[in-house]
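S.K.: Take this structure, written in C-alpha cells, and hold onto it; I'll ask about it next.
The values are calculated or read from the model by the stated rules, or taken from the named source; none is laboratory data. What you see is a predicted model, and the numbers here were worked out from it, not measured in a lab. Counting neighbours? That spans all protein chains shown, and the Cβs are built from the backbone with ideal geometry, glycine included. SASA here: full protein model, heavy atoms, side chains in, ligands and nucleic acids out. Shrake-Rupley method; radii C 1.70, N 1.55, O 1.52, S 1.80 Å.
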Amino acid sequence: SLLAEPAVRLTFGVALALVVGPVGAAAAVVLAGWTALAVAQLPPRAKAPRPRRAASAPTAGARTNPPRRSSGLASTPTAGVVGAFLLLAVVQSQDVLLANALLPDAEAARFAVISTIGGAAAFATTTVPLMLLGRRDDRGALDVAVAVAAGLGLAAVVAMALAPGTLAGLAFGDRYESAGSLAVPYLLAMALLGVARVLVAHACAIGRAKPLLWVLGAAAVLHVGLLGLLGGDAAGMVTATLAATAALTAGAGA
C-alpha cells in the first residue's frame, strides 16, 4: 500500500494535472488514497502448513494454557487509534490554517514557504510509525522507530542549517531567501512531531491510546493558544509551533 499510493500520484496525478489542471491533480490524490486502501484490503497469501509434531497426552491434573490472543491492533480500540492520529494531523496543520487567516498576505506567504519546507521533515517520517502498529511488547522495534524518526528529522534540520537562504531561494525565489533562517527551527518542530508520532503509534499498539488522547488534545489547545499570543508574524508562528511540538513530544514520552 505504501508503494501503490505514490505510484498512482506520480502516474495518474501528473497526467491528470497536465490535462485537467489542479482539479485533476486533486482527483488523482484521492484516487491514490483509495488505491492504497484497496491494496491493504487484499487477502494475505496463504502460507504452506507447517508439519505438526505429535503432542503427548497431558498427564492427570496438568494445567493446559489457553490459546494466546494475537497482539497488535486486533485488541486495540479503533476509535482511540483514529482519534490519536486525527489529533496529530490537527497539530501539524493548524498553524498553516491560522496563518492564512490571521497574518497579512506577505507574512502568510512567507509562512507558507516555511511550512512547505518543514513538510519535508514531517512527511519523511510519516510511515515510520507503521512498523509499530502491529507490534506489542517489542521494545526493540520502538527503539529503532524512534531512532529512524529522529535521524531523518535531524538530517533535514542539519541540511537546511548549512545554507538556509540559498536553499529557500533556489526553491521559491530570491524574495523568500529570508524564510530559510526560520525554516530551521520549524524543521526541528516537525522532527519532534515525527518522534511524537512514533510514540503515539507505540501507545496505540499496547492499548494506551485513550490516555494519550488527553495529551494530544492538550497539545492542540496549547498550540492554538500560543499561535494566538505569538502569531503576529511568521517568526511568532514558528516559535509557537516549536513550543507546542516540544511539549507534545515530552508528554507522549512521559
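S.K.: Looking at (1) open to solvent by 30 Å² or more (accessible area, probe 1.4 Å); (2) touching a residue at least 60 places away in the same chain (Cβ under 8 Å), find the lone condition where L187 falls short.
M.R.: The one condition L187 does not meet is (1).
S.K.: For the range 81-118, how many residues are open to solvent by less than 10 Å² (accessible area, probe 1.4 Å) and closer than 19 Å to A220 by Cβ?
M.R.: Count: 7.
S.K.: For the range 73-130, give me each residue that is in contact (Cβ under 8 Å) with a residue 40 or more places away in the chain, β-branched (V, I, T) and either under 21 Å from V215 (Cβ atoms) or outside any helix (DSSP H, G or I) (or both).
M.R.: T76, V81, V90, V91, T125, T126, T127, V128
S.K.: Give me the residue from the range 207-227 that is without any contact (Cβ under 8 Å) to a residue 24 or more places away in the chain and surrounded by fewer than 16 Cβ atoms within 10 Å (Cβ to Cβ) and, out of that set, nearest to V146 (Cα to Cα).
M.R.: From the range 207-227, those without any contact (Cβ under 8 Å) to a residue 24 or more places away in the chain are 208, 211, 214, 221, 225-226; that's our starting set.
With the extra rule that they be surrounded by fewer than 16 Cβ atoms within 10 Å (Cβ to Cβ), the set shrinks to 208, 211, 214, 221, 225.
On the way: R208: 18, P211: 20, W214: 22, V221: 25, G225: 28 Å.
That would be R208.
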